[in-house]
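S.K.: Supplied in structure tokens, the structure appears directly below.
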Amino acid sequence: MITITPACINLIKNFEGLKLKPYHGKADRADVFTVGYGTIKYPPYYLRGKMVALTDPVITEPQAEDFLRYEVSQKSAAIDLLLRDDLNPNQFGALISFAYNVGENALKVSTLRAKVNKNPKDKTIRAEFMKWVHSNGNVVDGLITRRGLEADFYFKLF
């Protein structure tokens, strides 16, 4: 498994933003609520790992950071099993950010994953990131930005 870099964590933080009070966070699902940096389900050690609800208590910034790191570690372990072993930290980090947003199952069935596993230097991988910019069938400007920056991060030399 590749080490999760601070740059990866910051990439996700910048996209997700920080909200200490639970709020309705998913435009495409009326029953999904969010807190912290995009947390929709608490870690098992906090509120028994239940889904976030609007009536949950306000959290602190250190808790939000802890929830983010927990979820990133979970996503990282899951997607590490789906990807080749020779990805650099930026490539892996971009794919963690992608999976943090759309889920590891989406990555699992994607052409993005297939192309990464075939040839991680394939320049058409950028276009595969850019296919994931829709919510409820509509193109979302924020997702265009996110996918573009994830693709930039993927191809960034460190």
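S.K.: Out of all the residues in region 85-124, which are within 19 Å of Cys8 (Cβ to Cβ) and hydrophobic (A, V, I, L, M, F, W, C)?
M.R.: Leu87, Phe92, Ala94, Leu95, Ile96, Phe98, Ala99, Val102, Ala106, Leu107, Leu112, Val116
Okay, residues lined up against (1) under 15 Å from the mean Cα position of the chain (by Cα); (2) surrounded by 17 or more Cβ atoms within 10 Å (Cβ to Cβ):
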| residue | (1), (2) |
| --- | --- |
| Phe67 | yes, yes |
| Asn88 | no, no |
| Gly93 | yes, yes |
| Thr111 | no, no |
| Val116 | no, yes |
| Tyr154 | yes, yes |
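S.K.: Residue by residue through region 1-10, note down the ones that are of a type outside the set (Gly, Ala, Ser) and either under 15 Å from Thr39 (Cα atoms) or surrounded by fewer than 18 Cβ atoms within 10 Å (Cβ to Cβ) (or both).
M.R.: Result: Met1, Thr3, Thr5, Pro6, Ile9, Asn10.
S.K.: Please verify whether Ser76 is of a type in the set (Ser, Thr, Tyr), touching a Cys at 6+ places or on another chain (Cβ under 7 Å) and either outside any helix (DSSP H, G or I) or surrounded by 14 or more Cβ atoms within 10 Å (Cβ to Cβ) (or both), treating the condition exactly as stated.
M.R.: Numbers: of a type in the set (Ser, Thr, Tyr): yes; touching a Cys at 6+ places or on another chain (Cβ under 7 Å): no; either outside any helix (DSSP H, G or I) or surrounded by 14 or more Cβ atoms within 10 Å (Cβ to Cβ) (or both): yes.
Against the criterion (of a type in the set (Ser, Thr, Tyr), touching a Cys at 6+ places or on another chain (Cβ under 7 Å) and either outside any helix (DSSP H, G or I) or surrounded by 14 or more Cβ atoms within 10 Å (Cβ to Cβ) (or both)), Ser76 does not qualify.
S.K.: Further question: In region 37-55, which residues are surrounded by 14 or more Cβ atoms within 10 Å (Cβ to Cβ) and more than 18 Å from Glu16 (Cα to Cα)?
M.R.: If the condition is that a residue be surrounded by 14 or more Cβ atoms within 10 Å (Cβ to Cβ) and more than 18 Å from Glu16 (Cα to Cα), then Tyr46, Leu47 are the ones that fit.
S.K.: Can you say whether Asn136 is exposed (fewer than 13 other Cβ atoms within 10 Å of the Cβ), touching a residue at least 24 places away in the same chain (Cβ under 8 Å) and not acidic (Asp, Glu), as far as the supplied structure shows?
M.R.: Yes; evaluated as a whole, the condition is true for this residue.
S.K.: If you don't mind, there's one more thing I want to ask. Of all residues in region 1-60, which are part of a helix (DSSP H, G or I) and basic (Lys, Arg)?
M.R.: Lys13, Arg48 - these are the residues of region 1-60 that are part of a helix (DSSP H, G or I) and basic (Lys, Arg).
S.K.: Collect the residues in region 101-139 that are of a type in the set (A, V, I, L, M, F, W, C), within 21 Å of Lys75 (Cβ to Cβ) and not in a helix (DSSP H, G or I), keeping them in residue-number order.
M.R.: Across region 101-139, the qualifying residues are Val109, Trp132, Val133.
S.K.: Now for a separate question. Which ones in region 109-158 are among the β-branched types (Val, Ile, Thr) and either out of contact with any Leu (no Cβ under 8 Å at 6 or more places or on another chain) or modelled with pLDDT under 95 (or both)?
M.R.: The answer is Val109, Thr111, Thr124, Val139, Val140, Ile144, Thr145.
The values are calculated or read from the model by the stated rules, or taken from the named source; none is laboratory data. None of the values given here were measured: they were computed from a predicted structure. Every residue, glycine as well, gets a Cβ built from its backbone with ideal geometry; the counts of neighbours run over all protein chains shown.
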